[in-house]
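Accompanying notes for the structure given below.
The values are calculated or read from the model by the stated rules, or taken from the named source; none is laboratory data. Please read all numbers here as calculations on a predicted model, not as lab measurements. Methodologically, a virtual Cβ is constructed for each residue, glycine included, from the backbone with ideal geometry; neighbour enumeration extends over all protein chains shown. The area values use the complete protein model at the heavy-atom level, side chains included, leaving out ligands, DNA and RNA. Shrake-Rupley method; radii C 1.70, N 1.55, O 1.52, S 1.80 Å.
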Amino acid sequence: MCGIVGFAGARRASDIIYNGLKQLEYRGYDSAGIATLSDGKISALKRRGRVSVLESEIEKLGGVTGIGHTRWATHGKPSDENAHPHVFGKFAIVHNGIIENYSDLKEKYFGGVKFNSDTDSEIIVRLLDKFYGGDLVGALKKISLILKGSYAVAVICADFEGIAVLKRNNPAIIGYGDGENFAASDAPALAGLCSEISVLDDGDIALITKDGVNIFDENLQGVVRERLVNLATPASLDLGGCPHYMLKEIREVPASVERTRLAYLTVESKVKEVLRGVKRVIITGCGTAYNSGLVAKRYIESFVKIPAETEIAGEFRYKNPVITPETAVIAISQSGETADTVEAAKLAVSCGAKVVAVTNAPYSQLTRIADVVVPVGAGSEICVAATKSYTGQIAALYLIAGTLAGIDASEKLLKIPKLCKETLEHIDIDTLADMCARSGGVYFLGRDIDYAVALEGSLKLKEISYVPSEGYPAGELKHGTLALIDIKTVAVVIITDERLAGKSENAVEQVLSRKGKVAVISNVAGIEKRLEGRAEVIKIPACDEFLSPLLSAIAVQLLAYKTALLLDRDPDKPRNLAKSVTVE
Ligand code: AGP
């Protein structure tokens, strides 16, 4: 959610920053901008649109120090004026987050003065200008005492050949190079530029020059933050011969499951220790992560026979939930930075619950809160739509449920990557994608675990193809939604649970009798014959009933991808969205 990059070195800053922003575009792509410092003078370039809109002009920006931004608009529409950097007086700033009290601050300190933009962020540069008396750290500290909300801010000042960073509730990292140093929202911006990074803590202020980095904590005491290996490499950002990251990442599902299984072996005993004596589990996350939690609920209740609830993190954190020390909260987040999920985990900690983080991001905020971190081995996921991280999360959650139940889940999971590969090799989803692209709406239906995947299928389709879609329990259709079924609608029915196949096939018949089109994603024997000539049948390999989501997920992900292509959408960068949602 907005990407920021800062550079202080001896090379031309605008080139480095531009390339870094390209790698952070998944955080937002409404506008982009760069400001550099040269001989004590700030120059800025900012435009509505994707980062590439800057390319033809970046050479105008001289200087070896600078900051850049790629925006996901919150306050103020996407426009040149609202693009960052915001420049005023001796300062330019870029901001990721939301300043919740910007109107109050504007009124209090600037009365009727007209600002240059409609953003909440401009208040930061205006306040810096107001409070600065030659002491940059002092001015940053002063504004941190009055800003409310979340921010990672990078600043250049005409008086200082370097960049300053201020952070609270939004991620900011420092990168250490050779004669050059960096700041960024996220490690991919620094892939190939530096092999060591530090993660800033809330309240930190960092001063970064080409020669070194000084970090001050909340009390303005000098501190050293741990140096960590930068796991993002240029190879991890490569498209691997695919036209889009989404396709590349779906193809990496088998590896994601296998790496998650292997990584789990290193944390299994810690998970066992942390979860000992737990009597109830609450699983929380947002979007796709929440959907993987729906699958986990089934695992925990079926294997462990203790109550498990799945809660949307943005609701959970505000509903005054009953959390006791005998409750375990499993917080799931690909990025580990989703504001609602991080806050839900903090709430759980404050109530004395045990917190398990399931995340793809080893240095993220969520990992700092949890009692134990279960790594998802998806590797870098660039496409805004989550694919291999969803299946990695399901694998991790299956393993956690196995540990709780004392079952060797790893052994069962061992066979799945091969079946995922088979699914990828043999699946033919083109006819169904064509049906969806032409449809007036798509309903994803399923029962029990298949319903959980139906919700994810629907989210994926609407997210990247913009085709209206809903996920429903197959049995619920007749209680109202059936009224929407007509010749223009498509029902995608997921049927992998032999026990419930007959019941789900009832839903198929109900849709067909109302002239709706039907496709079935299934591994149930004999289903093609029963539906021959009446429904499109997409077969996936047979497997353990609890692990079928790892295969049906591939089908719905490929369906969304192909439908998006038919409708000429960009599957990697869907409109209005960003990958890492670090604001409320
Ligand atoms: C998935 O395709 C979405 N882009 C979105 O729902 C995502 O899963 C959600 O924002 C949560 O993100 P997280 O896993 O990084 O917390």
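Taking the stated definitions as given, is ARG261 over 22 Å from LYS562 (Cβ atoms), of a type outside the set (Asp, Glu) and at pLDDT 95 or above?
Details: over 22 Å from LYS562 (Cβ atoms): yes; of a type outside the set (Asp, Glu): yes; at pLDDT 95 or above: yes.
Yes.
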Residue list for the range 259-274, restricted to those being of a type in the set (Val, Ile, Thr) and part of a helix (DSSP H, G or I) = THR260, VAL271, VAL274
Which one is farthest from CYS157 (Cα to Cα) among residues in the range 46-72 that are in contact (Cβ under 8 Å) with a residue 60 or more places away in the chain, under 25 Å from the mean Cα position of the chain (by Cα) and open to solvent by 20 Å² or more (accessible area, probe 1.4 Å)?
-> ARG50
If you go through the range 440-457 one residue at a time, how many are of a type outside the set (Asp, Glu), closer than 15 Å to LEU558 by Cβ and in a helix (DSSP H, G or I)?
-> 2
The condition of being closer than 24 Å to GLU584 by Cα, open to solvent by less than 30 Å² (accessible area, probe 1.4 Å) and either in contact (Cβ under 8 Å) with a residue 24 or more places away in the chain or within 23 Å of the chain's Cα centre (by Cα) (or both) holds, among ILE93, ILE174, only for ILE93
Only one of (1) open to solvent by 20 Å² or more (accessible area, probe 1.4 Å); (2) touching a strand residue (DSSP E or B) at 6+ places or on another chain (Cβ under 9 Å); (3) not small (Gly, Ala, Ser) fails for LEU262. Which number is that?
-> (2)
If we scan the range 310-332, do we find a residue that is within 13 Å of the ligand (Cβ to nearest atom), closer than 24 Å to TYR363 by Cβ and in contact with a Lys or Arg (Cβ under 9 Å, 6 or more places away or on another chain)?
-> no
Would you tally the residues in the range 523-538 being within 16 Å of ALA501 (Cβ to Cβ) and surrounded by 18 or more Cβ atoms within 10 Å (Cβ to Cβ)?
-> 7
Hey, among the residues in the range 221-245 that are modelled with pLDDT of 95 or more and open to solvent by less than 70 Å² (accessible area, probe 1.4 Å), which one's nearest to LEU565 (Cα to Cα)?
-> HIS244
Which listed residue, of LYS248, LYS210, is modelled with pLDDT of 95 or more, more than 24 Å from LEU166 (Cβ to Cβ) and among the basic types (Lys, Arg) | LYS248
In the range 73-129, the residues that are at pLDDT 95 or above and hydroxyl-bearing (Ser, Thr, Tyr) = SER79, TYR102, SER103, TYR109, SER117, THR119, SER121
Restricting the search to the range 374-431, which residues are among the basic types (Lys, Arg), away from the ligand (no atom under 16 Å from the Cβ) and part of a helix (DSSP H, G or I)?
-> LYS412, LYS418, LYS421
Output for the range 549-584, where each listed residue is hydrophobic (A, V, I, L, M, F, W, C) and within 25 Å of VAL295 (Cα to Cα) | LEU550, LEU551, ALA553, ILE554, ALA555, VAL556, LEU558, LEU559, ALA560, LEU577, ALA578, VAL581
Restricting attention to the range 191-205, which residues are over 20 Å from ASN170 (Cβ atoms), in contact with a helix residue (DSSP H, G or I) (Cβ under 6 Å, 6 or more places away or on another chain) and hydrophobic (A, V, I, L, M, F, W, C)?
-> ALA191
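Counting residues that are within 25 Å of ASP211 (Cβ to Cβ), which strands (runs of 3 or more DSSP E) fully inside the range 35-145 reach at least 2? Walk me through how you get there before you give the answer.
Numbers: elements: 41-48, 65-71, 86-88, 91-99.
Here the list reads 41-48, 65-71, 91-99.
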Is at least one residue of the range 358-366 part of a helix (DSSP H, G or I), closer than 22 Å to ARG261 by Cα and within 13 Å of the ligand (Cβ to nearest atom)?
-> yes
